[in-house]
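Taking it in order: structure first as structure tokens, then the write-up.
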């Protein structure tokens, strides 16, 4: 049936490839790195927006410990800001935009 219908054949090829590309990524298949399919949601896009024009702009500069350190530093920064605001201190809006800065 797929042989007679080019659209059906294309759909089957895509299904095959997408299924394998997820498996290749999960198993770390050597030689297929460019084919890895890694599922990411809106958080990945938000992270990329957050690190734009910082030292973490390039994915090669990122590793789990550096990213975790920046996220935790940002969380600590905002906790301190919120505590100060709760005491009536107001901040210029430019100080409310924490970005990675190494």
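Let me have the relative contact order for the chain, percent, based on Cα pairs under 8 Å that are six or more residues apart. It would help to have the intermediate numbers written out before the result.
Numbers: 44 pairs, mean separation 20.2, N = 102.
Relative contact order comes out at 20 percent.
Taking the beta-carbon count within 10 Å as an exposure proxy, list 80, 32 from fewest neighbours to most. Intermediate values should be presented prior to the final figure.
Details: 80 10, 32 14.
The most exposed by this proxy come first: 80, 32.
Laboratory data are not the source of any read-out in this text; all were calculated from the coordinates shown. Please read all numbers here as calculations on a predicted model, not as lab measurements. In this analysis, Cβ positions are derived from the backbone assuming ideal geometry, glycine residues included, and neighbour counts consider all displayed protein chains.
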